[in-house]
Each structure stands twice: as C-alpha cells, then as structure tokens.
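Asks: Have a look at this one.
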Amino acid sequence: MESTERRTTNQALEGFSVRPVLLIAAGLFVLELALAGRYGFHGDELYFLDSARHLQGGYVDQPILIPLLARASLSLFGVWLPGLRLWSALAVAATVIIAGLLARELGGRRNAQVLAAVATATMPAVLSTGGLLETTTLDIMFWAGLALVVVRVGRTGDCRYWLLGGLVLGVGLANKHSIGFFAVAIFLGALLSGGSRRLVLNRWAAAGVAIAACFTIPDLWWQATNGWPTIAMTAALNQQNGGLANISTWVIGQLLMVNIALAWVWIVGLRFLWRAEPPLWRALVWAYGLLFVLFALTTGAKSYYLAAGYVYLLAAGAVSLQGWWAAHRVRSWFVTVATALTTALILPVVLPILPATDIAGILAINAPLGEEVGWPEMVNTVGTVWFSLPPAQRAHAVILTFDYSQAGAINELGPPLGLPTAVSAHNTEWFWGPGNPNASTVVAWYPGNADRTSEQAVADLSQYFLHVRVAATISNSAGLHNQDWGGHVYICTGLKHPWRTMWPTLRHYS
C-alpha cells in the first residue's frame with residue numbers, strides 16, 4: 001500500500017522544467033567565468049592554492065575538499081585564476097538547478113520552478129560566492145542538496161533516500177563543518193515536528209549518518225593529532241567578533257542575502273513549509289530558526305553562514321505563490337521588472353564589473369571584492385626588499401607574513417620572481433614553518449591598516465627582534481585602500497631568541 005501511495009504521489013508531480021532552469025544556470029555559469037579573471041586572486045584563494053601544495057587530512061580553517069579542488073586546478077591549469085574559479089562557477093550553477101528541483105519536489109509547476117531558479121541565481125550571496133572559490137560557495141550547494149533529500153523523504157516517506165542524504169552530508173562536511181550544524185538542526189526540527197520521528201529514527205537514517213561520518217575521518221584524525229586547532233580558532237573568532245552587540249548586524253545581513261525585490265518570497269516560503277502537510281518539511285523551518293539564533297550569538301554576525309537556507313525557502317515561497325503568479329499577470333510582471341532592476345544594481349557590488357579604480361565606495365558593503373586587487377604589485381614590493389639584502393644575508397634570511405593570504409601570494413606569485421617560500425604563523429600556515437630554522441634576518445610583511453596600525457606592527461615585531469626597520473610601504477596602482485594598503489615590509493635583525501625556538505610562540509588564529 002505504501003509503495004502504491006508513493007508511486008501515485010510521484011506521478012502527481014509536474015515534470016522538471018529542464019530547459020528554462022538549465023538556461024538560467026548556464027547564464028550564471030557563463031557570467032561568473034566571464035568575470036573570473038577581471039581583477040585577480042582573492043587572498044583566501046591564494047591560501048587554498050598554498051594548501052593544495054600541502055595536502056593533509058585537515059586544516060585549521062577548513063577540511064580537505066577545497067584544497068583538493070585547488071590541487072586539481074593546479075594540475076590542469078597551473079596558477080590560472082579562471083581555472084581555479086571553474087569549480088565555483090559550476091557550484092553556483094548546480095545550486096540553481098537544485099533550487100528548481102526543490103520547487104518541483106515541493107509540488108511546483110513550471111512557473112514555480114523558474115521563479116525558484118531565478119530567485120536563487122540573483123541572490124547576492126550566490127552571485128558573490130560564485131565569483132571566487134570559497135568553502136561558502138560549495139556549502140550553499142550542499143545545504144540545498146541536503147534540503148532536497150529532506151523534502152523528498154518527507155513527501156514520499158521513503159527513508160532509503162537518507163543514503164543519498166548521507167553522501168551529500170559527508171561530502172559537504174569534507175568542505176565545511178557548518179553543514180553538520182544544519183543536519184543536527186534538521187534532526188531536532190524533525191523531533192519537534194509531530195509525525196516525523198519515524199522518518200529520522202530508523203536504520204536508513206542511521207546508515208546515512210554512518211556514510212557521512214566516513215568522510216570526516218581524515219579531518220578528525222588530523223585535528224586529534226594536532227591538538228584540535230579548529231576549536232581554538234573558533235574560540236578566537238567568537239572572542240573577536242561574537243556577542244550580543246552584533247545581533248542587529250546579523251539581522252540586517254540576512255536581509256541582504258536575497259535579491260531585495262524577492263525578499264518577501266522566502267518569508268512566504270517559511271509559512272508554506274510550516275503549514276505543509278508532510279510534517280518533515282516543517283523541520284526545515286525549525287532548522288532555519290535554530291541556526292538563526294545559534295549563528296547570531298556565536299559567529300559574530302557572519303551573515304553568509306545562513307545564506308544556504310534561503311535557497312530552499314525561496315523554492316518553497318515560489319511554490320506557494322504559483323497560483324498568485326498565474327492569476328495576477330500585471331503584478332507578476334512588476335515583480336519581474338523589479339527583480340531585473342535590483343539585480344542590475346547589485347551586480348557591480350558583488351562581482352568585478354567596474355574598473356578596480358572605481359570600487360572604493362563599494363568596499364564598505366563588500367570588502368572582499370577589494371581583496372582581489374593588487375597582489376602581484378605587493379609581491380613585487382616584497383621582492384624588491386628581499387633582493388636589496390646582500391646575498392650573504394639572504395642566505396640566512398626568511399620571509400614572514402602576518403596572515404595566510406600574504407604567504408599564499410608570495411608562494412604562488414613569487415616563484416617567477418625568484419622569491420623563496422614564505423612562512424606565516426597564521427592558522428595552518430604555522431604548521432608549514434619556520435622555513436630556515438637558523439635564520440638571522442626576517443623580512444616581515446605586516447599590515448598597517450585600521451585593524452593593525454604600523455605602530456602596533458612594530459611593537460609586535462620588537463618583542464622578538466632588537467632591530468626593526470621599515471623597508472617598503474604596500475600600495476597598489478588602483479589606489480584602492482583595501483586591507484593591505486598602507487602596510488609595510490620590515491627588515492628585522494637581532495633575534496632575541498633562535499628562530500627555531502621563537503617559531504612556536506608566533507602562532508595565532510583568526
């Protein structure tokens with residue numbers, strides 16, 4: 001009887017609108033790749049490339065998947081920006097397709113599927129993360145995929161789909177830990193939603209969890225053998241950025257995750273899922289609410305942590321509105337025009353469309369965009385200082401950077417200039433130091449911006465060196481005051497302790 005009911009329900013679904021959804025996904029893919037090389041590498045991408053050259057079970061700030069993709073990019077394309085960002089363009093295109101499938105699974109017809117795809121493709125969070133390779137880029141895709149499995153299990157009652165859910169969760173955990181919180185929140189939501197317990201407390205769900213757990217073994221092993229550094233980093237981030245004072249920033253940030261013309265659609269989606277017939281669908285509302293509170297209180301208002309939740313909420317809203325959309329043609333056209341206009345306005349803010357010289361005003365809204373500008377020039381500056389040292393001094397010198405982005409920049413862009421491998425005590429880079437253990441001279445690249453003034457940098461370095469001299473100032477030809485503008489390159493001599501014994505004390509997390 002159960003299989004007959006399931007088969008009847010499946011037949012009641014409208015077919016997947018392949019052509020329009022794929023066209024939307026393909027359009028987003030082409031847009032992202034067309035702009036992929038317009039500015040330059042983001043600092044995190046340079047770090048990922050550096051991590052790809054040090055493949056290991058885990059890292060302080062992410063599991064293994066992104067370094068593996070970066071390693072594949074290096075093998076296929078070398079140090080080439082469009083080749084690296086191919087993965088992110090594919091991920092956001094896949095997310096658009098999943099949004100269309102979500103709408104179909106929720107009972108949506110053609111117009112609902114297309115609206116879900118458009119709403120997802122025009123999300124600022126999707127547009128911006130599709131323009132660079134980040135863990136968040138893939139995280140959004142995996143969350144959406146797991147939500148699709150939840151919706152399918154809720155609609156059909158077939159718990160065998162949890163095996164697929166375990167695979168999605170496992171690969172997602174190999175990308176970023178946050179999807180684990182999403183899975184736990186779904187489980188708690190199912191327990192809180194009457195009639196769903198049997199769907200999550202069964203052997204198929206347990207098998208799915210076991211599958212997912214297998215993907216975490218390398219990361220857990222690395223964490224355990226290295227003192228659980230990710231926990232220490234998370235604690236440092238919460239101390240630096242978390243707290244009740246950031247809740248208002250968090251709430252406002254959520255309003256910016258979705259195209260402003262379609263923000264009301266995800267709110268309708270919340271109501272639709274809460275009142276839906278399959279009780280398991282209500283678990284997705286619980287998951288959103290639980291994570292909204294958790295992330296607001298513990299992550300310092302990093303609003304993109306919950307960006308993936310809006311994919312399934314937009315799909316649900318599109319399904320709820322499909323009758324209204326068909327009955328009110330004039331209003332639907334008004335929404336369409338408004339969506340097109342707001343998308344056109346947001347594109348220069350989230351993607352490298354404008355000349356780099358003209359984006360200074362955008363950095364207050366999207367600071368990461370500025371982090372794609374100036375790396376070759378900054379590496380050249382460090383190279384000038386390095387080669388100003390006499391050869392005998394260079395033989396006993398090391399390049400030290402304050403953060404992993406700077407180390408990645410030198411290690412990926414510096415070899416053609418003849419620069420040696422740089423070291424940094426930031427996050428996972430610390431494990432790959434200290435370089436020359438007998439170094440007597442350190443060329444240090446430290447920031448000099450609002451987060452850390454040059455006076456603070458000198459004070460920090462003076463704890464370890466008797467002589468700290470400014471050798472160069474960091475800038476870029478675009479005149480863009482990004483996070484590295486105004487920093488300095490220092491020549492540090494007179495080590496107060498041997499470099500090899502000093503190295504453990506330099507480690508810092510953020």
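Asks: How big is the dipole moment of the stretch 375-506 about its Cα centre under a simple scheme where the beta carbon of each Lys and Arg is +1, that of each Asp and Glu is -1, and everything else is neutral? Debye, nearest 20, please.
Replies: Value, rounded to 20: 440 debye.
Asks: With θ taken as phi - 60° and the coefficients 6.51, -1.76 and 1.60, list the Karplus ³J(HN,Hα) couplings across the stretch 403-409 in order, rounded to whole Hz; mark glycine and proline as x.
Replies: Coupling constants for the stretch 403-409: 10, 5, 4, 5, 4, x, 4 Hz.
Asks: Which percentage, to the nearest 5, of the DSSP beta bridges contained in the chain is antiparallel?
Replies: Taking every DSSP beta bridge within the chain, about 60 percent pair in antiparallel fashion.
Asks: With +1 on the Cβ of every Lys and Arg and -1 on the Cβ of every Asp and Glu, and nothing else charged, how large is the dipole of the chain about its Cα centre, in debye rounded to the nearest 20?
Replies: 1460
Asks: How much net charge surrounds Leu22 when only other residues with a Cβ under 14 Å from its Cβ are counted (Lys, Arg +1; Asp, Glu -1)?
Replies: Result for the neighbourhood of Leu22: +3.
Asks: To make sure I understand, if each residue's beta carbon is the centre and we count other beta carbons within 10 Å, what order do Thr336, Thr342 fall in, fewest to most?
Replies: The fewest-first ordering by Cβ neighbours comes to Thr336, Thr342.
Asks: Name the residue from Phe292, Leu419, Thr381 whose Cα lies farthest towards the positive end of the charge dipole of the chain, charges +1 on Cβ of Lys and Arg and -1 on Cβ of Asp and Glu.
Replies: The residue sitting farthest along the positive end of the dipole is Phe292.
Asks: Using all Cα-Cα distances in the chain, what percent lands in each 10 angstrom bin from 0 up to the longest?
Replies: The percentages, shortest bin first, are 4, 18, 27, 25, 15, 8, 3, 1, 0.
Asks: As a check on your grasp of the helix formula, calculate [θ] at 222 nm for the chain: sum -39500 (n - 2.57) over DSSP H runs of n ≥ 4, divide by the residue count, round to the nearest 500.
Replies: When only DSSP H runs of four or more count, the value is -19000 deg cm²/dmol.
Asks: Quick one: 3J(HN,Hα) in Hz for the stretch 30-36, Karplus 6.51/-1.76/1.60 with θ = phi - 60°, rounded, Gly and Pro as x.
Replies: Values, residue by residue: 5, 4, 5, 5, 5, 9, 4 Hz.
Asks: Each residue of the stretch 489-504 in order: what ³J(HN,Hα) in whole Hz does its phi give by Karplus 6.51 cos²θ - 1.76 cosθ + 1.60, θ = phi - 60°, with x for Gly and Pro?
Replies: My calculation for the stretch 489-504 gives 9, 10, 9, 10, 9, x, 4, 6, 9, x, 4, 5, 8, 6, 3, x Hz in order.
Asks: Please report the antiparallel percentage of DSSP beta bridges with both residues in the stretch 375-506, rounded to the nearest 5.
Replies: 65
Asks: List every residue whose amide H lies under 5 Å from the amide H of Ser424, counting only residues 5 or more places away in sequence or on a different chain, with H placed 1.01 Å from N in the peptide plane.
Replies: Hits under the 5 Å cutoff: Thr401.
Asks: Compute the signed sum of charges (Lys and Arg +1, Asp and Glu -1) over the other residues within less than 15 Å, Cβ to Cβ, of Tyr464.
Replies: Computed value for this residue: +3.
Asks: What stretch of the chain, leaving out the sites themselves, is the longest with no trypsin sites (Lys or Arg not before Pro) in a DSSP loop having at most 11 other Cβ atoms within 10 Å?
Replies: The reported range is 1-274.
Asks: Using only alpha carbon pairs under 8 Å that are at least six residues apart, calculate the relative contact order of the chain and give it in whole percent.
Replies: Over the chain, the number comes to 16 percent.
Asks: Can you list residues from other chains, or at least 5 along the same chain, whose modelled amide H is less than 5 Å from the amide H of His488?
Replies: Here Tyr446, Gly448, Ile474 satisfy the definition.
Throughout, read-outs are computed from the coordinates displayed, never taken from laboratory work. As the structure is a prediction and not an experimental result, all values here were calculated from the model. For neighbour counting, all protein chains shown are included, and Cβ atoms are generated from backbone atoms with ideal geometry for every residue, glycine included.
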